[in-house]
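Only one structure is covered here, and it is reproduced in the block below.
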Amino acid sequence: MSTILLVCTGNICRTPMAEGFFRRGLEQRGVEGITVESAGVAGWAGDPATPEAVEAVNEYGIDITAHVASRLDRRSVDTADLVLGMASEHRDSVMRLAPEAADRTFTLKELVRLVEGVSAARADGSAEERLRAVVGAAAARRTSQPAGEFVDEDVADPLGLGLESFRAAAWEIEGLSERLMSATFGPPTSGQGGVASPAMAVGEGKRSGGPEFAADWEALKSTDPEVADALASELTRERTTLRLIASENYASPAVLAALASTMNNKYAEGYPGRRYYGGCQFVDVTETLAIERAKQLFGAEHANVQPHAGAQANLAAYGAFLDPKDPSHKVLGLTLAHGGHLTHGSPVNVSGKWFSFIAYEVDKDSELIDMDRVRDLALEHRPRMILAGFTAYPRVIDFAAFRRIADEVGAVFMVDAAHFIGLVAGGAYPSPVPYADVVTFTTHKTLRGPRGAMILCKEEHAKAIDKAVFPMMQGGPLEHVIAAKAVCLREAMQPDFRDYAERTVRTARALAAGLGEQGVRIVSGGTDSHLALVDLQPIGMTGADAEAVCEEVGIALNKNAIPYDPLPPRTASGIRVGTPGPATLGMDEPEMGEIARIIGGVLRSPDDETVKERARSSVLDLMDRFPAYPG
């Protein structure tokens, strides 16, 4: 007789549901000689399963009303042939309790991914022999995997979040248990099928004979050829234009597929498990995945993934902490002219109209943020909030220094990480999360996700942030975009994302150095991030003219004011260049030298058609060598 031990926190929600699914899966396959038990690392022995857990699995025809909670102990681990935690914290607790059990202890998600990649999962022999073969093969494969290979390991805890969250957890556990059972013991025996998920009862894609994905390119071309032509032309433009706009990137096909999903159709005001509409069990799954992945990736205590854009995220953060009617609720932030953002208090933006902002600037000589001056302003004005973050500041921000100043004056410390959050995810830029009370960011820049935003915060601010997002600033969330956010977060957890992030910073530095050799001046002398700010005054060209001539040869970048710029923003003395796009395509330092020479040539000879034609040819050659969306 072999034993599978399922472990969660209190043994009253996830593991009772999993136990029910596992037992049903074994019965459906006629498996004998395997028992299933469960326990909690911090539960009270004798507690029943929660009513929500009972109801969620009862919809699958499984009865767990007789479940009685058990507290995890050494004996139960020692007698188990396989131990499965619902989350990484449970697996780690088991390993601390019994280190020698490490080779037979996994999270449920981790083991499913491991066994689906090994042939031993379908070995002949008794059920007990198959189980031991799977455990051994999975342990060996885990040992051979690079660190961080399995980063999405948790089944989200639904406790306290309402019935819809339990239904979402049940749906996820049912799918994982079926995958594990099929990989280990084969498919259910004929005639042994269980009760389908209640959501599959009416017209559910694959089970009703229809396609799994509803978006249809051919249908679009037939229905609206003008829109289809514009979309196809945009793809051609992206494949033939060098993208140097620092706030743009290439979302993956997987992200784009999630954006085109039928979750576009779902209204879901509220939060997972606490919706104002029915039928939210699957959008609860994707939103919960996005929340948990954001918390895990950035080490955050709380995440809100609903903001539609960075502007809404920033406004929600202000709304959570500031009263626009209170003149003492001031914000100290970097001025737009020196690299800040419209939503950091610009008088033409709602942030500047509703709230009182005090601007700090960069030092005129070094073009770096002067932390002594920031402190002086903070002591003088005693702001309610201090804001760090940028759209055109190329250097690392001293988050620890900002934190000290915020503490000194009793201010909330907020970071707008819209531009560099992907670099943080890849370990190529310092993280603001350990220092800030709240961090806002967009998901479509260096993070390579869909157009949208998120907010991270300390747990003590979670309620205020959630209420500020909904219902204060927004109504229904864009659940198809949130699903795409979950996808991009998973992509950011993979080892190759770190390579991309490091390449982004490396190429930005190389491009800045190369442009400096072309006779322009690099603001602050270089960059620590994904962007460089370029002063064109040494060659007598405006930013607007540079943007226009570069677009003529297939290079997309933008004019940008430089600190203490003598020209108005619509003309500007500088340009901003960024390398997230080229880094995504695989370009590296040699290509940056090539790009710098192309740009330098057209900036010095903007009216020379021969120079521009040669530049256009070089750009097309570069994009052929590093194609966007190949195939």
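The values are calculated or read from the model by the stated rules, or taken from the named source; none is laboratory data. The shown structure was predicted, so the numbers you read here are calculated from the model rather than taken from an experiment. Please note: Cβ atoms are built from the backbone with ideal geometry, for glycine as well, and neighbour counts cover all protein chains shown. Ligands, DNA and RNA are stripped out before the accessible areas are found, and what is left, the full protein with its side chains, is counted by its heavy atoms. Shrake-Rupley method; radii C 1.70, N 1.55, O 1.52, S 1.80 Å.
Among the residues making up region 526-546, those that are part of a helix (DSSP H, G or I), surrounded by fewer than 20 Cβ atoms within 10 Å (Cβ to Cβ) and in contact (Cβ under 8 Å) with a residue 24 or more places away in the chain are Gln537, Ile539, Ala544, Asp545. Take the residues in region 60-71 that are open to solvent by 60 Å² or more (accessible area, probe 1.4 Å) and in contact (Cβ under 8 Å) with a residue 24 or more places away in the chain; name whichever of them is nearest to the chain's Cα centre (by Cα). Applying the filter and picking the extreme gives Arg71. Of all residues in region 556-578, those that are open to solvent by 20 Å² or more (accessible area, probe 1.4 Å), within 11 Å of Gln537 (Cα to Cα) and not in a loop (DSSP other than H, G, I, E, B) total 0.
Select, from Arg23, Arg74, Arg96, Arg91, the only residue that is basic (Lys, Arg) and touching a residue at least 60 places away in the same chain (Cβ under 8 Å).
Numbers: Arg23 fails: touching a residue at least 60 places away in the same chain (Cβ under 8 Å); Arg74 fails: touching a residue at least 60 places away in the same chain (Cβ under 8 Å); Arg96 fails: touching a residue at least 60 places away in the same chain (Cβ under 8 Å).
Exactly one residue qualifies, and that residue is Arg91.
On the stretch given as region 351-388, residues that are in a helix (DSSP H, G or I), open to solvent by less than 50 Å² (accessible area, probe 1.4 Å) and either farther than 15 Å from Met414 by Cβ or in contact with a Ser or Thr (Cβ under 8 Å, 6 or more places away or on another chain) (or both) total 4. Got at least one residue in region 587-610 being open to solvent by less than 10 Å² (accessible area, probe 1.4 Å), of a type outside the set (A, V, I, L, M, F, W, C) and in a helix (DSSP H, G or I)? Yes; the residues of region 587-610 include at least one that is open to solvent by less than 10 Å² (accessible area, probe 1.4 Å), of a type outside the set (A, V, I, L, M, F, W, C) and in a helix (DSSP H, G or I).
If you go through region 70-79 one residue at a time, do you hit one that is within 23 Å of Glu178 (Cβ to Cβ) and in contact with a helix residue (DSSP H, G or I) (Cβ under 6 Å, 6 or more places away or on another chain)?
Kept after step one, since they are within 23 Å of Glu178 (Cβ to Cβ), are these residues of region 70-79: none.
No, there is no match, as no residue in region 70-79 is within 23 Å of Glu178 (Cβ to Cβ) and in contact with a helix residue (DSSP H, G or I) (Cβ under 6 Å, 6 or more places away or on another chain).
Out of the residues in region 284-304 meeting the condition of being of a type in the set (S, T, N, Q) and crowded, with 21+ Cβ neighbours inside 10 Å, tell me which one is farthest from Ser431 (Cα to Cα). Looking at the filtered set, the residue picked out is Thr286.
Being over 23 Å from Glu164 (Cβ atoms), out of contact with any Gly (no Cβ under 8 Å at 6 or more places or on another chain), in contact (Cβ under 8 Å) with a residue 12 or more places away in the chain and open to solvent by less than 10 Å² (accessible area, probe 1.4 Å) is a condition met by at least one residue of region 38-59.
Would a scan of region 365-372 turn up a residue that is modelled with pLDDT of 95 or more, over 22 Å from Ala532 (Cα atoms) and not β-branched (Val, Ile, Thr)? There is at least one residue in region 365-372 that is modelled with pLDDT of 95 or more, over 22 Å from Ala532 (Cα atoms) and not β-branched (Val, Ile, Thr).
For the criterion of being open to solvent by 10 Å² or more (accessible area, probe 1.4 Å) and within 29 Å of Ile555 (Cα to Cα), Val523 fails.
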